[in-house]
1. Would you mind telling me which numbered condition in (1) in contact (Cβ under 8 Å) with a residue 40 or more places away in the chain; (2) buried (at least 23 other Cβ atoms within 10 Å of the Cβ); (3) in a helix (DSSP H, G or I) residue 252 fails?
2. Under 9 Å between Cβ atoms, at least 6 apart or on separate chains: pull out the pairs that start in segment 60-84 with a residue that is closer than 13 Å to residue 117 by Cα and end on any residue that is in a loop (DSSP other than H, G, I, E, B) and of a type in the set (D, E, K, R).
3. Being touching a residue at least 60 places away in the same chain (Cβ under 8 Å), of a type outside the set (Gly, Ala, Ser) and assigned to a helix (DSSP H, G or I) is the filter; apply it to segment 208-234 and report the residue that is surrounded by the fewest Cβ atoms within 10 Å (Cβ to Cβ).
4. Among the listed residues 35, 44, identify the single one that is more than 17 Å from residue 197 (Cα to Cα), without any contact (Cβ under 8 Å) to a residue 12 or more places away in the chain and not assigned by TED's automatic domain parsing to the domain that holds residue 275.
5. If you check 220, 204, which single one turns out to be of a type outside the set (S, T, N, Q) and outside the structural domain of residue 297 (by TED's automatic domain parsing)?
6. Look through segment 255-264, keep the residues that are touching a residue at least 60 places away in the same chain (Cβ under 8 Å) and outside any loop (DSSP other than H, G, I, E, B), and return whichever of them is farthest from residue 22 (Cα to Cα).
7. Going through segment 182-207 one residue at a time, which ones are assigned to a helix (DSSP H, G or I), over 29 Å from residue 1 (Cα atoms) and at pLDDT below 80?
8. Condition first: modelled with pLDDT under 90, within 17 Å of residue 245 (Cα to Cα) and out of contact with any helix residue (DSSP H, G or I) (no Cβ under 8 Å at 6 or more places or on another chain). Now tell me which residues in segment 262-294 satisfy that.
Amino acid sequence: MAHALIDRLRNNIGTVFLGDTRSINLLMTALFARGHVLIEDVPGVGKTVLARSLARSLDCKFSRIQLTPDLLPSDVLGVSVYNGNSQNFEFKPGPIFANVVLADEINRTTPRTQSALLEAMSEEQVSVEGQTLILQRPFMVVATQNPFEFEGTYYLPENQLDRFLLRITLGYPGRTAEHKILTTQPGRAALERLKPVMNAAEVVALQDIVSQTKTDSSIVDYVLDLAEATRHHEHLHLGVSPRGALALTQACQAAAVVAGRDYVRPDDVKTLFIPCCAHRVVSKTYLHNGDMAATTRVLQTILDITPSPR
């Protein structure tokens, strides 16, 4: 039953997003691991289409935040408005109160507004005006950003990046896929016609299955070996933290469920090591973790020399 639901979701997204199915699988992996995704790539390769196709495939509440330099934290979280009839202030929830939140161009807003997402992403709750409000499950933030070299962008701080389970790139589509994009323009009319194929209760049930996925002790040791290698690598200023190692383990469990298995394989770790950890380490060459290319090269080297279990 779970495998059929996941296949239906994958195929539904694939009718609109014509890029690599790897990106769809990574997005679903984050969803079922109760994580968040940062999609980073140049404009025009389908970042928003991928995020919106996931949201429209789920029968859940969806909101989109177009992040700009003048956006305030209250524009994300909500604000209290005085009601003249009741003579009381009433809280008007912001767009963060949804099941799937698309934070478009997250690095175009100021760090102050970026930080408004921190508590929601890490604790699934929001503190506003002395009150703590619990966000409903499922809750997922899919953020998009252009490379930081583009004009008018801000670095995402390390603690913000650490809240993303996966950081992925899409790349350019293959020639066949791009031909179909040019002839059918699936990102427009097809996206509007997309119908939900999974409801909130089914998503939560699949999320609960993930935590029960078998993870052999040899897999855990493999994750620890990789994390330890990043902490002592000569080209890394900061390695993978225990929270990063836990995130990798949870992502591997979710990837197994997406693949229709109830156990984690070494290949799951190899596939997710870079998307899960490259934004959590800092290279000595660039003393920030915004340079994905530098950290990716180092992590690939670690992956190549670290023995994996059979």
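1. If we test residue 252 against (1) in contact (Cβ under 8 Å) with a residue 40 or more places away in the chain; (2) buried (at least 23 other Cβ atoms within 10 Å of the Cβ); (3) in a helix (DSSP H, G or I), just (1) comes out false.
2. As it stands, the answer is 67/105, since those pairs meet every condition given.
3. 221
4. On the way: 35 fails: without any contact (Cβ under 8 Å) to a residue 12 or more places away in the chain.
Sole residue among the options that is more than 17 Å from residue 197 (Cα to Cα), without any contact (Cβ under 8 Å) to a residue 12 or more places away in the chain and not assigned by TED's automatic domain parsing to the domain that holds residue 275: 44.
5. 204
6. Restricting to residues being touching a residue at least 60 places away in the same chain (Cβ under 8 Å) and outside any loop (DSSP other than H, G, I, E, B), the top hit is 257.
7. Narrowing segment 182-207 to residues assigned to a helix (DSSP H, G or I): 182-184, 189-193, 200-207.
This time we only want the ones that are over 29 Å from residue 1 (Cα atoms), so: 182-184, 189.
Listed by number, the residues that qualify are 184, 189.
8. none
The values are calculated or read from the model by the stated rules, or taken from the named source; none is laboratory data. Because the structure is a prediction, the values reported are computed rather than measured. Because the Cβ atoms are built from the backbone with ideal geometry, glycine has one as well, and the counts that use them run over all protein chains shown.
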